[in-house]
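Asker: First the structure, then my questions, so here it is.
The values are calculated or read from the model by the stated rules, or taken from the named source; none is laboratory data. Treat the numbers as computed from the prediction; the structure is a model and nothing was measured. Here the Cβ positions follow ideal geometry from the backbone for every residue, glycine too, while neighbour counts run over all protein chains shown.
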Amino acid sequence: MNTLILSSSLSENSRSYLLCKAVEQELTSKGNIITFIDAKEIPMQPFHREISKEMKVLSEKIVKADNIIIGMGVHCYSINDSLKILLEGCFGKATGKFFGILCSAGGERSYLVTQHLSQICMNEWRMIQLPRIVYAISKDFTKNTITSKEVLERINTFSEEFHTIGNKLLA
Ligand SMILES: Cc1cc2nc3c(=O)[nH]c(=O)nc-3n(C[C@H](O)[C@H](O)[C@H](O)COP(=O)(O)O)c2cc1C
């Protein structure tokens, strides 16, 4: 299957980017084709402003992808601003696609924030979510490495389930 992984953080030290890269590795090893999009490389304009050519390219890649994995950081108990811009500007044709969420936050208490993203994807484009999230917090990382055994196990389970269900939905 063709999976698009969107790492939506603009942080140079993004932890959700590390989650996205770990899942990319798992899914690639299972034979899937991954298109990895790093939001840091996309000049962005909010809605009602002229959309960048890189955002148009992302919209086209979303149309072609079988399914989508979104990496997000938590900002002010919600999704990060860059992700909101990319959702509004580029997800218009993501209708009905299977998707998964990888989330990085500062602390344990913001875990329900991923439901903001679920609501947007499910209500706006009737997307279908894998009922498992990878949620990691700052203490799960050491410098630029995921060091929590629990998070690493969850990445494996997430990837296995995304691979299995994603392929079944294509059949
Ligand atoms: C503007 C801002 C707001 C944040 N708000 C929250 C928050 O409400 N809850 C939380 O747990 N962490 C919060 N954080 C911490 C981030 O979620 C955390 O640094 C996470 O790793 C960000 O994802 P990233 O590293 O992929 O950019 C905030 C960080 C920033 C910069």
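Asker: Anything in segment 1-60 that is outside any helix (DSSP H, G or I), crowded, with 17+ Cβ neighbours inside 10 Å and polar (S, T, N, Q)? List them, or say none.
Answerer: Of everything in segment 1-60, those that are outside any helix (DSSP H, G or I), crowded, with 17+ Cβ neighbours inside 10 Å and polar (S, T, N, Q) turn out to be T3, S7, S8, S9, S14, N32.
Asker: Could you tell me which residue of segment 1-55 is nearest to I69 (Cα to Cα), considering only residues that are of a type in the set (F, W, Y) and either within 16 Å of the ligand (Cβ to nearest atom) or in contact (Cβ under 8 Å) with a residue 60 or more places away in the chain (or both)?
Answerer: Within segment 1-55, the first condition is being of a type in the set (F, W, Y), and the residues that meet it are 17, 36, 47.
Those still in the list that are either within 16 Å of the ligand (Cβ to nearest atom) or in contact (Cβ under 8 Å) with a residue 60 or more places away in the chain (or both) too: 17, 36.
Numbers: Y17: 12, F36: 10 Å.
Going through the qualifying residues, I end up with F36.
Asker: Same structure, new question: Going residue by residue through segment 82-90, is there one that turns out to be at pLDDT 95 or above, within 11 Å of the ligand (Cβ to nearest atom), among the hydroxyl-bearing types (S, T, Y) and closer than 23 Å to I51 by Cβ?
Answerer: To start, the set of residues in segment 82-90 that are at pLDDT 95 or above comprises 82-90.
Narrowing the set further to residues that are within 11 Å of the ligand (Cβ to nearest atom) leaves 82-83.
Then drop every residue that is not among the hydroxyl-bearing types (S, T, Y), which leaves 82.
Subset that is closer than 23 Å to I51 by Cβ: 82.
Yes, segment 82-90 contains a residue that is at pLDDT 95 or above, within 11 Å of the ligand (Cβ to nearest atom), among the hydroxyl-bearing types (S, T, Y) and closer than 23 Å to I51 by Cβ.
Asker: Something else: What about S14, is it farther than 23 Å from H116 by Cα and over 11 Å from the mean Cα position of the chain (by Cα)?
Answerer: Numbers: farther than 23 Å from H116 by Cα: no; over 11 Å from the mean Cα position of the chain (by Cα): yes.
So S14 does not fit the description; no.
Asker: In this structure, is N123 more than 25 Å from K40 (Cβ to Cβ) and polar (S, T, N, Q)?
Answerer: For N123, the condition - more than 25 Å from K40 (Cβ to Cβ) and polar (S, T, N, Q) - is met.
Asker: While we're looking at this one, here's another question. Collect the residues in segment 118-159 that are within 13 Å of the ligand (Cβ to nearest atom) and surrounded by 14 or more Cβ atoms within 10 Å (Cβ to Cβ), keeping them in residue-number order.
Answerer: Here is the first cut: in segment 118-159, the residues within 13 Å of the ligand (Cβ to nearest atom) are 134-141, 143-144, 146, 151.
Correct list: V134, Y135, A136, I137, D140, F141, I146, V151.
Asker: Within the set of pairs 6 or more residues apart or between chains, which connect a residue that is over 15 Å from Q25 (Cβ atoms) inside segment 149-171 to a residue that is assigned to a helix (DSSP H, G or I) and modelled with pLDDT of 95 or more with Cβ atoms less than 8 Å apart?
Answerer: E150/D140
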